[in-house]
Protein chains: 2
Amino acid sequence: MVEAGSGRFERIQVAPAYQLVAEAIEREVVSGRLLPGEPVGTEAELVRQFGVNRSTVREGIRALEEGGFIQRGPDRRLYACLPRYNRLSSRMSRALILHEVTFRELFSVALALEVASAEQAVEHITDEMLDRLEENQRESEDAAAAGDAARLSEADGAFHHLVAKASGNRVLLLSREPASLLFFPTTEMICRRVPEGPGRMITAHRHVIDALRARDLEQARLWMSRHLYDWRRGFERAGRDLDEPVERIYARSLPPGLSD
Amino acid sequence: MVEAGSGRFERIQVAPAYQLVAEAIEREVVSGRLLPGEPVGTEAELVRQFGVNRSTVREGIRALEEGGFIQRGPDRRLYACLPRYNRLSSRMSRALILHEVTFRELFSVALALEVASAEQAVEHITDEMLDRLEENQRESEDAAAAGDAARLSEADGAFHHLVAKASGNRVLLLSREPASLLFFPTTEMICRRVPEGPGRMITAHRHVIDALRARDLEQARLWMSRHLYDWRRGFERAGRDLDEPVERIYARSLPPGLSD
DNA sequence: TGGATTGACTTTGTCCGACAAAGTCACCTA
DNA sequence: TAGGTGACTTTGTCGGACAAAGTCAATCCA
């Protein structure tokens with residue numbers, strides 16, 4: 001075993017060539033010299049530029065692809081791209097599951113971020129977003145009338161996403177996603193097991209939308225947090241323990257409608 | 001050009017073999033069948049198990065490595081591991097920079113999450129964490145006395161990290177990191193340019209620590225938010241515009257002391 | 001003439017084999 | 001017994017190879 005730091009010289013760190021390739025490309029993207037959507041070049045070109053073997057280039061590419069900084073187009077060519085929110089979010093969600101976080105931990109964060117979303121949406125909401133919220137509300141009512149718990153919980157997820165989007169704060173939109181991805185699936189169970197659940201949900205949504213339309217900060221804050229506490233209560237009434245780790249569900253796919 | 005969906009049959013989607021390899025391994029880790037720390041096996045073993053070429057296995061491995069689900073040990077062998085918080089956080093931070101988010105967006109989220117951290121820390125803080133906060137406070141005072149803006153801002157970053165850790169909420173710890181990584185570097189500039197900055201910071205930290213020790217929710221909330229608003233004000237007084245995109249800084253490395 | 005077909009060319013996905021560097025481990029000797 | 005030695009293992013890199021699939025332009029037939 002060679003002991004690091006035992007001698008006069010520092011250990012020479014040779015990073016593998018594929019890492020250097022990956023870092024070089026990533027630096028181009030992050031620095032803005034390579035803009036999202038622009039082609040990165042073919043593998044052969046990269047081989048020429050870096051002076052390494054194609055296998056090595058491909059290893060570097062693979063790492064970057066996973067990181068989301070480059071993507072294969074439909075023609076399989078390489079393009080620079082912005083890391084997608086949902087990609088990062090779902091990765092974080094899986095990390096959270098692995099760390100066996102509890103519903104209570106998720107709830108606290110969701111509460112803070114959803115209320116912040118509502119607050120900021122009061123200031124920034126547009127007529128178009130209000131229309132989309134109304135449309136979402138109709139969908140929720142339909143689903144509730146039909147007793148379709150799956151559709152209703154999906155609509156609820158979309159509702160919160162829309163409010164966050166209406167806040168105009170992209171950091172918020174990103175930050176709330178990982179927790180919400182783990183959080184909202186439980187809604188379905190609650191809707192099915194707690195009779196008054198759907199009704200209270202729709203009422204709360206209604207009040208939030210009205211508050212946003214009226215630019216009423218207090219009401220928006222109030223009803224959003226009521227909505228969330230309802231939810232936690234529903235979770236408990238469905239017989240679950242707040243301090244139990246979120247289950248290991250392999251949720252790779254995202255709910256539809258969260259593509260941006 | 002073959003038109004997708006033009007015929008009677010759906011287009012057959014063949015995922016590349018390296019993706020299948022990556023997904024298979026990732027599933028093992030996420031499902032818990034392969035526990036963090038356990039060796040994944042050598043490349044040769046994986047070649048046997050999957051029945052593909054070593055190059056293909058390596059491409060799959062590369063992708064997973066970037067995702068953080070497996071890691072090379074010091075002996076270069078493969079081990080399953082939990083995706084590290086900081087890895088994901090720094091990736092998110094870079095994504096935020098690429099999306100050219102503004103200081104204002106970052107600030108709103110940081111405010112919500114830091115205050116939530118303080119609130120929850122009131123309930124969960126331990127004597128050990130209080131000691132570490134006191135130690136941090138001494139470090140801050142030293143740095144301020146020495147007029148060392150870099151050390152002071154680093155201590156401030158560590159302070160907020162400690163408070164989040166004291167909250168006992170891992171989701172919170174994770175959620176606040178991406179924004180804070182982009183946020184706290186500006187502290188140094190503020191400390192240098194705004195004369196009363198360091199003094200106000202230390203006063204605020206003092207009050208937060210005292211409030212946590214006394215389990216005083218109101219005071220903790222109050223001083224943490226004061227601290228943040230001070231900060232935003234410092235940013236403005238340093239002549240920066242809140243709505244200007246955060247610069248493109250290639251910040252791969254994390255500040256020290258955030259390793260967990 | 002115009003649209004479909006064909007075929008050359010490019011690019012990616014996969015595979016094979018090879019070798020050097022570096023780590024591991026058992027063995028052997030002073 | 002401590003430490004050096006050498007065989008073995010494993011990874012990092014390279015070269016070449018071929019099939020599948022996309023691109024593009026020339027060609028052919030109605």
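Per-structure values
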{"quantity": "Over the range B:17-73 - Rg/Rh using Cα atoms and the Kirkwood inverse-distance radius", "calculated": "0.92"}
{"quantity": "Cα gyration tensor category, rounded, prolate or oblate, for the protein assembly as shown with a/c compared to 1.5", "calculated": "oblate"}
{"quantity": "Teacher prompt: B:D241 distances to equivalent labels in other copies, 7 Å Cα→Cβ, nm", "calculated": "5.5"}
{"quantity": "Distances in nm from B:Y229 to the matching label points in the other copies, shortest first (labels 7 Å along Cα to Cβ)", "calculated": "2.5"}
{"quantity": "Highest-fluctuation residue, A:H207, A:H99, A:H227 considered, GNM on chain A with Cα pairs under 10 Å", "calculated": "A:H99"}
{"quantity": "Most fluctuating residue given options B:R58, B:R91, B:R193, as computed from a GNM of chain B linking Cα atoms under 10 Å", "calculated": "B:R58"}
{"quantity": "Net charge dipole size for the range B:86-237 [Lys, Arg +1 and Asp, Glu -1 on Cβ; Debye, nearest 20]", "calculated": "540"}
{"quantity": "Helix-only mean residue ellipticity at 222 nm for chain A, each DSSP H run of n ≥ 4 adding -39500 (n - 2.57), per residue, nearest 500", "calculated": "-21500 deg cm²/dmol"}
{"quantity": "Pairwise burial B:A, computed as accessible area of each alone minus the pair, summed, 1.4 Å, Å²", "calculated": "4900"}
{"quantity": "Residues in the range B:159-191 that, when all protein chains are in place, have 50 Å² or more less accessible area than the chain alone would give (probe 1.4 Å)", "calculated": "B:R170, B:V171, B:L174"}
{"quantity": "For B:E123, label point 7 Å along C-beta direction: distances to other copies, nm", "calculated": "2.8"}
{"quantity": "For the range A:73-215, with +1 on Lys and Arg beta carbons and -1 on Asp and Glu, the positive-most of A:S93, A:A146, A:I209 along the dipole", "calculated": "A:S93"}
{"quantity": "Modelled label reach - B:E244, point 7 Å along Cα→Cβ, the range B:97-116 residues with backbone N closer than 15 Å", "calculated": "B:101-105"}
{"quantity": "Length-normalised contact order of chain A in % [C-alpha pairs under 8 Å, at least 6 apart]", "calculated": "21"}
{"quantity": "Magnitude of the charge dipole, the range B:17-80, Cβ model with Lys/Arg +1 and Asp/Glu -1, debye to 20", "calculated": "140"}
{"quantity": "Per residue, in Å², the accessible surface of the range A:86-237 once ligands and nucleic acids are set aside, probe 1.4 Å", "calculated": "38"}
{"quantity": "Of all accessible heavy-atom area on chain A, the percent that carbon and sulfur account for (1.4 Å)", "calculated": "50"}
{"quantity": "Gap separating the Cα centres of the range A:99-156 and the range B:149-211, nearest whole Å", "calculated": "31"}
{"quantity": "Shape call, the range A:86-237: gyration tensor on alpha carbons, a/c limit 1.5", "calculated": "oblate"}
{"quantity": "Counted charge near B:A44, where neighbours are those whose Cβ lies closer than 13 Å (Asp, Glu -1; Lys, Arg +1)", "calculated": "+2"}
{"quantity": "Computed over the range A:158-244, Cα set: Rg, Dmax in Å", "calculated": "13.6, 39"}
{"quantity": "Shielding by other protein chains, B:27-34, mean Cβ within 10 Å", "calculated": "3"}
{"quantity": "Most positive-pole-ward Cα, A:Q120, A:T187, A:S167, against dipole of the range A:94-220 from beta carbon charges", "calculated": "A:T187"}
{"quantity": "Average beta carbon contacts from partner chains per residue of B:63-74, 10 Å cutoff", "calculated": "4"}
{"quantity": "Nearest-20 debye value, chain B charge dipole, Cβ charges on Lys, Arg, Asp, Glu", "calculated": "700"}
{"quantity": "Zero-based 5 Å bins, Cα pair distances in chain B, whole percents", "calculated": "1, 6, 11, 13, 14, 12, 10, 8, 8, 7, 5, 3, 2, 1, 0, 0"}
{"quantity": "Candidates A:N136, A:N169, A:N53: whichever shows maximal mean-square fluctuation once chain A is modelled as a Gaussian network with Cα springs under 10 Å", "calculated": "A:N53"}
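The values are calculated or read from the model by the stated rules, or taken from the named source; none is laboratory data. Since the structure is predicted, the reported quantities are computational estimates derived from the model, not experimental observations. Methodologically, a virtual Cβ is constructed for each residue, glycine included, from the backbone with ideal geometry; neighbour enumeration extends over all protein chains shown. The accessibility values were calculated without ligands, DNA or RNA, using every heavy atom of the protein model including side chains. Shrake-Rupley method; radii C 1.70, N 1.55, O 1.52, S 1.80 Å.
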